[in-house]
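Encoded as structure tokens, the structure appears first; notes follow it.
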Amino acid sequence: MSTPQIYALHENPDWFTPFAEAFAAEGVEYEEWLLTDGVLDLDEAPPEGVFWSRISASSHTRGNGLTKDYARAVLSWLEAHGRRTVNGRRVLELEMSKVDQLTALRAAGIATPRTVAAVGRDQVLKAAQDFPAPFVTKHNQGGKGLGVRRFDRYDDLAEHVASDEYEEPVDGITLVQEYVAAADGGITRVELVGGRMVYAVRGDTERGGFQLCPADACAIDPGTGRPVMPVGATVSMAPDDEWGLFSERAGYDDPVVGKYLAFMERHGIEIAGIENIRTADGRVLTYDVNTNTNYNSDVERSTDLSGPREIVRHLSRVLAETYPTR
């Protein structure tokens, strides 16, 4: 029988480099399971170990349209055999659906933007009829700002929905959501691992718009290494700008952090980046739960703690607790 170890389940090698470096830095052995395609023998038992899921809602945008359902099957198989998963089968469903996230957040007493879900183009228009402008649309199953657009008039939405530019969401569900302007021109992403906050990050919405993936591999223009004007940005960047879109929010102690930790415990989420926006009138509205969270290298260089290394330490503790005589 092989020695129990950590298994990392994912589909995007471009996002995994910081975690591979963290495993090496901590001296922890692990094995990657790339869930893009494969064979799953239900008559076989899984190896012993701890299985960490990093499956992303945006996997279909990288040509990995089979990943989500394959991951569902793998995680069901693992948990049926009693294997310890980190961000397991239930958490995968939260990652895949903003409706699931928003309803769960509201049930936990966490404020969210007003949102209506619609299936079908005609229903998107119906959902937006009584929505005060401006408002945004977004894909229910997304990531990376998929399908996020701001509309200042209902007629603009009607024109867009009738055009060839309209993007059909992969699961058929489009959200119509109130547009919320950040009081300080940025959102907050709270990084949480193993029951505590690692740090909080400010994302620049004025320059980054709706596309605020923190991973270095999410560079908006990989050809030049610089961003172009993304959807939703209100300030463009000069060629010589120091254009980092992310910075640490040092000393962040908003009471919402305690609510996030309780929410994560309730739903079995062990690793997440949860995003909120503070409005001019002082509301804190939470709109996204990223259970396959990525980290930004600029922020990592400026903080006392490392997100990837905290994840590896957490996984190591879980492994030791699950197999104390290993």
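The values are calculated or read from the model by the stated rules, or taken from the named source; none is laboratory data. Owing to the predicted nature of the structure, the values given are computational and were not obtained by experimental measurement. Here Cβ is always computed from backbone atoms with ideal geometry, including for glycine, and neighbour counts include all displayed protein chains.
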query = So which residues in the stretch 68-94 are of a type in the set (A, V, I, L, M) and buried (at least 20 other Cβ atoms within 10 Å of the Cβ), if there are any at all?
reply = Ala71, Val74, Leu75, Leu78, Val86, Val91, Leu92, Leu94
query = Which of the residues belonging to the stretch 95-121 are within 23 Å of Gly194 (Cα to Cα) and either charged (D, E, K, R) or surrounded by 22 or more Cβ atoms within 10 Å (Cβ to Cβ) (or both)?
reply = Glu95, Met96, Lys98, Asp100, Gln101, Leu102, Leu105, Arg106
task = Name the one entry in Asp184, Asp164 that is free of Cβ contacts under 8 Å to residues at least 60 places away in the same chain and not small (Gly, Ala, Ser).
result = Asp164
So Gly65, is it closer than 18 Å to Ser97 by Cβ and out of contact with any Asp or Glu (no Cβ under 7 Å at 6 or more places or on another chain) = yes
message = Just the residues that are surrounded by 15 or more Cβ atoms within 10 Å (Cβ to Cβ), part of a loop (DSSP other than H, G, I, E, B) and aliphatic (A, V, I, L, M), please, taken from the stretch 1-59.
response = Val28, Ile55, Ala57
task = Confirm whether Val318 is in the same structural domain as Pro18 (by TED's automatic domain parsing) and over 15 Å from the mean Cα position of the chain (by Cα).
result = yes
task = Go through the stretch 262-321 and count every residue that is small (Gly, Ala, Ser) and modelled with pLDDT under 95.
result = 4
query = Ala158 is checked against (1) aliphatic (A, V, I, L, M); (2) buried (at least 22 other Cβ atoms within 10 Å of the Cβ); (3) without any contact (Cβ under 8 Å) to a residue 40 or more places away in the chain and fails just one. What number does that condition carry?
reply = (2)
message = So the check is Cβ under 8 Å with 6+ separation or different chains; which pairs have a first residue in the stretch 19-37 that's within 15 Å of Gln5 (Cα to Cα) and a second one that's at pLDDT below 95?
response = none
ask   = If you go through the stretch 65-96 one residue at a time, how many are under 25 Å from Val119 (Cβ atoms) and touching a helix residue (DSSP H, G or I) at 6+ places or on another chain (Cβ under 9 Å)?
value = 14
Number of the exception - Gln177 against (1) closer than 30 Å to Gly120 by Cα; (2) at pLDDT below 90; (3) in a strand (DSSP E or B); (4) not hydrophobic (A, V, I, L, M, F, W, C) = (2)
